[in-house]
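Colleague: Attaching a single structure in structure tokens format; questions to follow.
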């Protein structure tokens with residue numbers, strides 16, 4: 001199956017959602033290339049960037065599932081390669 005490289009950017013505005021986000025990302029661990037988390041204390045948010053190499057449907061399902069958490073915003077940017 002063909003895969004795509006993408007960066008999933010996640011903004012966490014409600015700390016209660018962090019454990020659910022981590023559990024979800026754990027379920028996609030086979031596709032995750034790397035992950036970086038930045039606590040932006042001045043604004044009271046956390047920013048997580050996840051590099052993923054996965055089939056398009058897996059990236060879409062991850063992004064959709066993240067967006068269903070209260071206090072979470074998630075968007076994907078795709079490589080053209």
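Colleague: Inside region 1-54, counting only strands (runs of 3 or more DSSP E) that do not spill past its ends, which hold 2 or more residues that are surrounded by fewer than 11 Cβ atoms within 10 Å (Cβ to Cβ)?
Modeller: So the answer is 32-40.
Colleague: Further question: Can you work out which of the residues in region 16-31 that are without any contact (Cβ under 8 Å) to a residue 40 or more places away in the chain and within 19 Å of residue 41 (Cα to Cα) is farthest from the chain's Cα centre (by Cα)?
Modeller: Out of the qualifying residues, it is 19.
Colleague: Give me the residue from region 66-81 that is in a loop (DSSP other than H, G, I, E, B) and without any contact (Cβ under 8 Å) to a residue 12 or more places away in the chain and, out of that set, surrounded by the most Cβ atoms within 10 Å (Cβ to Cβ).
Modeller: 68
Colleague: Can you say whether residue 63 is touching a residue at least 24 places away in the same chain (Cβ under 8 Å) and more than 17 Å from residue 16 (Cβ to Cβ), as far as the supplied structure shows?
Modeller: Yes; evaluated as a whole, the condition is true for this residue.
Any read-out appearing in this document is the output of simple, stated calculations on the displayed coordinates, not a laboratory observation. Predicted model only: the values in this text are computed from it and were never measured. For neighbour counting, all protein chains shown are included, and Cβ atoms are generated from backbone atoms with ideal geometry for every residue, glycine included.
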